[in-house]
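The values are calculated or read from the model by the stated rules, or taken from the named source; none is laboratory data. A quick note: this is a predicted structure, and the numbers were derived from the prediction, not measured. Cβ placement follows ideal geometry from the backbone for every residue including glycine, while neighbour counts extend to all protein chains displayed. Accessible surface areas use protein heavy atoms only, side chains included; no ligands, DNA or RNA. Shrake-Rupley method; radii C 1.70, N 1.55, O 1.52, S 1.80 Å.
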Amino acid sequence: MTADRPVLDLRDVTKTYGDVGALRGVTLAVQDGEFVAVVGPSGSGKSTMLNIIGTLDRPTSGTVTIAGNDVGTMSDDALSALRAEHIGFVFQHFHLHAGATAAENVGDGLLYSGVPRRERHRRAVEALGRVGLGHRVDHRPNQLSGGEKQRVAIARAIVGEPTILLADEPTGALDTASGASILALLRELHDAGTTVLVITHDLALAASLPRQVRMRDGRVEQDSLAEDAGALAAAIAGSTR
Ligand code: ADP
């Protein structure tokens, strides 16, 4: 991926649910290796945008290009393959299988990549090591703390070495200390080269990231890349007081 070619490119993207315009014309380009905070009030379209970027949902109109692929022209099977290769998704409430071990949950992240079971297990254990859970591979979710569950979910998201890691309020269900350690982990993954987009209500956290995109009423209201980055970070930090 070259620096002048965005890893992610949204042009005039809309998404309508019945008569609700969840996205009303979003244009956003993200370069390989960026770490972007997505902020904005509840209902402003943040999750809808992340789901569309993650190819979990299709736009009503507009174009979405991921790693050079125009997803609007792709079949569901081709989209699944694209998702398996390029996208890792982390949710606020972890979405782990209660009856499966940490390693099994993480190995599921490779189900659509055609990796044989034994190799899935090996890579899952390795990914759990990367998130600091090498000692928890056989634990089930109910034997793990909230922060540990989110680490398992992150290991599942990164086990396929995605180009883009999408996180929808990953610290929203955690206490402050666990949330901080999850953020530190996202920073490590970013430092290792992963492009990260994170939705957060934590404005101090958002202000600490290199780029902030603020949504309102289904549109990008402010993008620190297009503005004085320092001023927007300061404004976002200021609104926490
Ligand atoms: P945010 O993540 O910023 O809270 P969302 O993207 O979840 O915002 O929602 C944007 C708007 O779209 C809201 O008005 C929400 O009620 C609506 N919406 C989101 N998903 C659906 C859906 N599956 N069906 C109907 N309306 C939806």
Inset, instruction - Set the Förster distance to 41 Å, then compute FRET efficiency between Ala81 and Ser208 from the Cβ-Cβ distance, nearest 0.05. - result: 0.70
Legend entry - Förster-model FRET efficiency, 30 Å R0, Ser113 and Arg24, C-beta, rounded to 0.05: 0.30
Inset, instruction - Place +1 on the Cβ of every Lys and Arg and -1 on the Cβ of every Asp and Glu in segment 87-197, take the dipole about the Cα centre, and give the residue among Gly160, Leu128, Val115 whose Cα lies farthest towards its positive end. - result: Val115
Inset, instruction - Can you tell me how much longer the chain between His95 and Thr16 gets when fully stretched, taken as 0.36 nm per residue apart minus their C-alpha distance, in nm with one decimal? - result: 25.9 nm
Inset, instruction - For segment 8-239, list log₁₀ I(q)/I(0) at each q in 0.12, 0.16 Å⁻¹, using the Debye formula over Cα point scatterers of equal strength and ignoring solvent, two decimals each. - result: -0.65, -1.14
Inset, instruction - Rounded to the nearest 10 degrees, what's the angle between the helix 229-238 long axis and the longest principal axis of the chain, both from Cα atoms, 0 to 90? - result: 80 degrees
Inset, instruction - Please get the size of the charge dipole for the chain, origin at its Cα centre, with Cβ charges of +1 on Lys and Arg and -1 on Asp and Glu, quoted in debye to the nearest 20. - result: 520 debye
Legend entry - For Phe35, solvent-accessible area (1.4 Å; no DNA, RNA or ligand), Å²: 10 Å²
Inset, instruction - Rounded to the nearest 500, what is the 222 nm mean residue ellipticity of the chain from helices alone, with -39500 (n - 2.57) per DSSP H run of 4+ residues and division by all residues? - result: -10500 deg cm²/dmol
Legend entry - trypsin sites (Lys or Arg not before Pro) within segment 3-46, DSSP loop, no more than 15 other Cβ atoms inside 10 Å: none
